[in-house]
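So the structure is just underneath, and the comments pick up after that.
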Amino acid sequence: MANEDIGSGRNAIAGTAGPAVGLFRLAVGLAQGVCLYLLFRLTEGEDSWSQTHPGTFAPLVLIALFLPPVVLAGAGKMRWLTLGMWAVIAASGLALLGWHDVARQAGTTGREPTPVMFAFAAAALFIAHHLILTADRARRPVAPYPAYFDAAWMAGVQLAASVAFAGAFWLLLWLGAALFNIIGLSFLGDLIEKGWFSLPLTGLAFATAVHLTDVRESLIRGVRSIALMLLSWLLLVLTVLVGAFLCALPFTGLSGLWETGSATAILLAATGALIILINAAYQDGREDNLPPRVLQIAVRAASVLLVPLVGLAVWGLTLRIGQHGLTPDRIIACACALVGAIYVGGYAWAALRTFWRPGDWMQPLEPTNLIAAVAAVLAVLALFSPVADPARLSVADQVARLERGKVAPEKFDYDFLQHSSGKAGRAALAKLAASDDPAIADRAKAAQAETVPTDPTGREDFRPEIGTLPGAPALPEPFFQIVTDDDARRECRSEGECLATVGEAIGFQPNTVLLVQSYRVTIYAEDAEFGTYLPLGTYVPVRCGDETGVDARDLLRQGKLKAGYESLPGLDTGGQRQSSLSPAAPFACDPPR
């Protein structure tokens, strides 16, 4: 029975790549190129159809980009009825994700699909497609695990090869155009610049590559074997690095990890890399694919190391949420951590079980992968649909923190509700504007009233409110040009929110300006060639010694901000000398001198 399952698993993706399938794939590739060209035409003009109908345009873009590859990958490998039903379901899901992504932005300018939605939609579609394809080939709801492994990894190699083929095809076209240009014939160069020619041709090239990789499936299997072998040995490297990192933590402490501001993302990325490499070493679990002894040990060790990695990620995420509440990014990170926890439980159990069942080589890993795959698809559908919209959930949490008094009215981020959370944020802001608390209502109404006039080119015509100390030199006019386009334009909107000083006044290099806000000090340097100022980096306030909760603006007023002594100077905050400038990164404190 086991051999029968293995056999059915190995044959689960074996399809027929005959001439009829090839012609069908070429037709799909051509249709995709034509559709993308027509959609491209809808973006032309100041008041283009894509801008006036974003709720329709976004779903069409998503479907035109992602549905044809699904049909190409399923042709000849799935029953046609199943493929047709799956294509309809996939198109409906993509349309829902695209529509919701722009609908939640209602009332904002530039309502376009967000890159993060594209990335997660593509990942979910890839996972869902191979769950359905494999089950259809096996004629059962849950196929043998070797079939899932074979389908997913073959498709990954096939996709990479097809994209590479399309890219090489275009490199050759450009080379041919250059050759013709040498002899004064520009027709080919002119032709490949036309959308009606280039987009359908790209679709045809990609479809051709998909079919060719099916016809010569043995070559793709050979490439996959090489890729798996190389990745499985990289597992050994990453396991040693992660183990060393975890062993060093008790000696270095966690403060440096949290100060990065991206600890959770880094830890989850390391978790994802370990999971991929573990699967590259494990493969389909069959005895003839058993890795060498050293890699078996690495697989077990890496599976156990996932526990502290995800644990630290969840800890950091919990601290951030406790301090600052939910944001859309943190909600997405919570979903990723939840899926990661499924992997952690299954992989750690599989590794520990090998101690008393050594002959059962990491078998619990197989159902874990299937459960986590389904969970990942459901998480994406929830996050990018009305079910668990991160903007709506974060708005509700932030407003609740304000109402509970956890955030003072003057510290609350009304700008997030007005500009960064779509219609859910503006609806919440309208309720705050009607609040009985005048401190909240006045600030909410001010945020609602914020308008930024624009000139015909679309550039914001806004001059930030930046104060200077009495008697201090005037700030150079080019400095305001770069700050107007910088993040400060959202914050320096009222008198006293931002101060600035020429760097030379406090010991910095000539032709520099320091923008001082309550929570950071940004240094700008003059670019003589372009006649403007460019940001060099940021000093991020930290809690050091007795200087807890110090406002950097007060330090400037008190004359306590001055340059340190490094080549890129540090910043002395009145008894605590901060380390030298690190662009866009936090800094530590030297002992008081």
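The values are calculated or read from the model by the stated rules, or taken from the named source; none is laboratory data. From a predicted model like this one, the values you see are computed outputs, not experimental measurements. Cβ sites come from the backbone with ideal geometry, for glycine too, and all protein chains shown count toward neighbours. SASA here: full protein model, heavy atoms, side chains in, ligands and nucleic acids out. Shrake-Rupley method; radii C 1.70, N 1.55, O 1.52, S 1.80 Å.
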Using a basic spin-label model with each label point 7 Å from the Cα along Cα→Cβ, how many nm lie between Val163 and Val374? 2.9
Over the stretch 75-190, relative contact order from alpha-carbon pairs under 8 Å, at least 6 apart, %: 18
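Would you mind getting me the FRET efficiency between Glu465 and Phe40? Use the beta-carbon distance for r and R0 = 41 Å, nearest 0.05.
On the way: r = 42 Å, r/R0 = 1.02.
So, using R0 = 41 Å, E works out to roughly 0.45.
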Keeping all protein chains in position, work out how much accessible area Leu234 exposes to a 1.4 Å probe, and write it in Å² to the nearest 10. 90
Please compute the length gained on full extension between Val223 and Lys445, using 0.36 nm multiplied by the number of residues separating them and subtracting their Cα-Cα distance. 73.8 nm
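Accessible area, 1.4 Å probe, largest first: how do Glu44, Glu366 sort? It would help to have the intermediate numbers written out before the result.
Numbers: Glu44 90, Glu366 30 Å².
The ranking, largest first, comes out as Glu44, Glu366.
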Limiting things to C-alpha atoms, what are the Rg and the maximum Cα-Cα separation (Dmax) for the stretch 251-313, in angstroms? 14.7, 47
Here the relative contact order (percent) of the stretch 211-311, from C-alpha pairs under 8 Å and at least 6 apart, is 40
Which lysines, on any chain, are close to Lys445 with Cα under 20 Å apart, when same-chain ones fewer than 8 places away are left out? Lys411, Lys423, Lys431
From the C-alpha coordinates alone, can you work out the Kirkwood hydrodynamic radius of the stretch 61-139, in Å? 13.4
Starting from the Cα coordinates of the stretch 210-288, work out the convex hull volume and express it per residue in Å³. 120
Ignoring ligands, DNA and RNA, how do Met229, Met154, Met85 rank by accessible area with a 1.4 Å probe, largest first? Met85, Met229, Met154
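Suppose all protein chains stay in the model; what accessible area per residue would a 1.4 Å probe give for the stretch 111-219, in Å²? Kindly include the intermediate steps, with their values, before the conclusion.
Working: 5440 Å² over 109 residues.
Computed with neighbouring chains in place, this is 50 Å² per residue.
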Just read off the accessible area of Trp233 with the full protein assembly in place, 1.4 Å probe, to the nearest 10 Å². 110
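When only Cα pairs under 8 Å and 6 or more residues apart are kept, what is the percent relative contact order across the stretch 300-423? Don't skip to the end; give the middle numbers.
Numbers: 91 pairs, mean separation 35.1, N = 124.
Result for the stretch 300-423 is 28 percent.
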With the crude spin-label approximation of a point 7 Å out along Cα→Cβ, what separation in nm comes out for Arg520 versus Arg401? 1.7
For the stretch 289-346 and the stretch 99-158, what is the separation of their Cα centres, given in Å? 21
Solvent-accessible area, 1.4 Å probe, carbon plus sulfur percent, for the stretch 44-199: 71
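Any chance you could list the semi-axes, whole Å, largest first, of the equivalent ellipsoid that the Cα gyration tensor gives for the stretch 108-235, using √(5λ)? Show your work: numbers first, answer last.
On the way: eigenvalues 248, 95, 43 Å².
Taking √(5λ) for each eigenvalue gives 35, 22, 15 Å, largest first.
Subtracting the Cα-Cα distance from 0.36 nm times the residue separation, let me have the gained length for Ile183 to Leu230 in nm, one decimal. Kindly include the intermediate steps, with their values, before the conclusion.
Values: separation 47, 0.36 × 47 = 16.92 nm, distance 4.61 nm.
Gain on stretching Ile183 to Leu230: 12.3 nm.
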Put Asp136, Asp554 in order of accessible area, largest first, probe 1.4 Å, and you get Asp554, Asp136
Quick one: how many Å² of Ile371 are accessible to a 1.4 Å probe, rounded to 10? 100
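Could you give the length gained by full extension between Ala269 and Lys194, i.e. 0.36 nm per residue of separation minus their alpha carbon distance, to one decimal place?
Numbers: separation 75, 0.36 × 75 = 27.00 nm, distance 3.97 nm.
The Ala269-Lys194 span can extend by a further 23.0 nm.
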